[in-house]
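Below is one structure; the comments refer to it alone.
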Amino acid sequence: MRRPAVLMADPRYFQIRGGANPHTRTEDDQLKEVDSTVAWQQWHAYVDALLERGIDVYVAESGPDLTGMVFAANAGFLNGRLDDRPIDQKTFYPSHFAVEHRRGESARFAEFFRRFGVPVADYDERWDFEGEADAFPVGRGDTLRWLFTWGFRTDPEVADWLQDDVVGDQMIRLELSDPRYYHGDTLLCDLGGPLLAYDGGLTDEASRMLHDELGDRIVALEAEDAADFIGNSFYVEVDEERYLFAPAAIRDELRAKIEQRGVEVVPVDISEFFGKGGGGPKCMVFNLGEVSRKNEGLEEGVRTFRQRRHVESIRARNGFPH
């Protein structure tokens with residue numbers, strides 16, 4: 001039996017090094033300092049919220065020079081995530097990071113997926129592409145549409161390659177306009193069909209295009225919602241249940257609108273990560289789709305690796321710093 005699963009990276013090395021987005025700097029342009037104790041508490045609480053709702057969590061090992069790896073949504077792009085095929089029959093494309101201090105993560109994430117049993121492929125080295133943060137589906141089945149965003153961390157040429165050689169479907173191409181919302185998943189969030197969207201972070205042309213293509217499906221975010229990174233919530237389906245892990249600051253009125261659509265909102269406090277690094281609940285997880293916990297039919301090395309990298313296994317052997 002397969003269950004929804006995510007990939008995360010723990011915050012032991014999380015700190016602000018490059019200050020690549022506006023959230024990482026103080027008003028006098030100094031880099032913010034991370035409170036490691038708070039970061040660990042919030043990270044484990046988020047993991048617990050995922051586990052409690054039937055979502056498996058696997059953890060990639062980071063390194064002291066990979067201070068932004070905790071934002072695992074930028075790992076890359078998993079082609080076929082929504083397919084019924086086992087994950088070892090899908091393909092992972094590691095990100096080509098635009099930000100220099102994160103480029104070392106590409107090899108680390110690629111190695112994780114190889115050991116996890118997933119084929120890994122590359123693409124034109126000249127392109128910047130930060131994976132599912134800028135290319136993601138909206139809806140399921142007949143309602144599925146693909147969004148592609150660009151302007152800060154991903155090159156527009158990537159859309160042709162994804163459309164023609166990878167997903168084989170049209171990409172709705174949207175240009176970002178506000179550096180506070182540097183990835184598409186910071187202001188656009190699929191709800192399994194409906195879409196949370198903040199127009200203020202898109203160019204006028206992109207906003208018109210989005211409404212032309214998906215207008216009746218859009219749940220509009222106000223500026224205050226966007227500022228609280230509600231657009232960076234994480235949506236997942238578990239059996240017949242639908243969950244949205246949203247920043248704890250979500251307004252009651254917006255929460256009610258979402259829950260009227262059959263989605264349970266789960267507020268999570270990740271303020272240390274958003275307040276210091278500019279990443280919300282979605283930034284902290286890479287969606288693996290459904291993964292079998294039985295690990296049947298796998299090579300022994302892959303099976304062992306999956307078991308050891310499950311967060312419950314790491315906790316059981318005291319693999320996290322206290």
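The values are calculated or read from the model by the stated rules, or taken from the named source; none is laboratory data. Worth saying up front: this structure is predicted, and the values here are computed from it rather than measured. Positions of Cβ are generated from backbone atoms using ideal geometry, with glycine treated the same way; all protein chains shown enter the neighbour counts.
For this structure, a couple of remarks:
- Cβ pairs under 6 Å, 6+ apart, first in region 189-213 and of a type in the set (Gly, Ala, Ser), second part of a loop (DSSP other than H, G, I, E, B) and crowded, with 18+ Cβ neighbours inside 10 Å: Gly193/Gly139; Gly201/Tyr181; Gly201/Leu187
- Residue check for Arg308: surrounded by fewer than 21 Cβ atoms within 10 Å (Cβ to Cβ), modelled with pLDDT of 95 or more, in a helix (DSSP H, G or I) and touching a strand residue (DSSP E or B) at 6+ places or on another chain (Cβ under 6 Å): no
- Yes/no for Gly231 being of a type outside the set (A, V, I, L, M), surrounded by 17 or more Cβ atoms within 10 Å (Cβ to Cβ) and within 24 Å of Met284 (Cβ to Cβ): yes
- Scoring Arg145 on the criteria (1) of a type in the set (D, E, K, R); (2) under 20 Å from Gly289 (Cβ atoms); (3) free of Cβ contacts under 8 Å to residues at least 24 places away in the same chain leaves a single failure, condition (3).
- Filter pass, Glu175 being among the charged types (D, E, K, R) and farther than 29 Å from Leu51 by Cα: yes
- When region 159-168 is filtered for residues that are surrounded by fewer than 20 Cβ atoms within 10 Å (Cβ to Cβ) and in contact (Cβ under 8 Å) with a residue 24 or more places away in the chain, the ones remaining, listed by number, are Trp161, Val166, Val167.
- Subset of region 278-322 that is without any contact (Cβ under 8 Å) to a residue 12 or more places away in the chain and small (Gly, Ala, Ser) - its residue that is nearest to Lys90 (Cα to Cα): Gly297
- Total residues in region 97-106 satisfying the condition of being assigned to a helix (DSSP H, G or I) and buried (at least 18 other Cβ atoms within 10 Å of the Cβ): the figure is 3.
- Among the residues of region 181-217, the ones that are touching a helix residue (DSSP H, G or I) at 6+ places or on another chain (Cβ under 7 Å) and of a type in the set (Val, Ile, Thr) come to 1 in all.
- Of all residues in region 43-94, those being of a type in the set (Asp, Glu) and either more than 27 Å from Trp146 (Cα to Cα) or free of Cβ contacts under 8 Å to residues at least 60 places away in the same chain (or both) number 5.
- Of the candidates Val238, Val268, Val219, the single residue that is closer than 30 Å to Glu33 by Cβ and in contact with a strand residue (DSSP E or B) (Cβ under 9 Å, 6 or more places away or on another chain) is Val268.
- Put simply, of Tyr181, Tyr123 the only residue that is buried (at least 24 other Cβ atoms within 10 Å of the Cβ) and either assigned to a strand (DSSP E or B) or in contact (Cβ under 8 Å) with a residue 12 or more places away in the chain (or both) is Tyr181.
- Some residue of region 238-255 being more than 28 Å from Leu195 (Cα to Cα), surrounded by 14 or more Cβ atoms within 10 Å (Cβ to Cβ) and of a type in the set (D, E, K, R): no
- Remark: Gly280 matches the filter, which requires a residue to be buried (at least 21 other Cβ atoms within 10 Å of the Cβ) and not hydrophobic (A, V, I, L, M, F, W, C).
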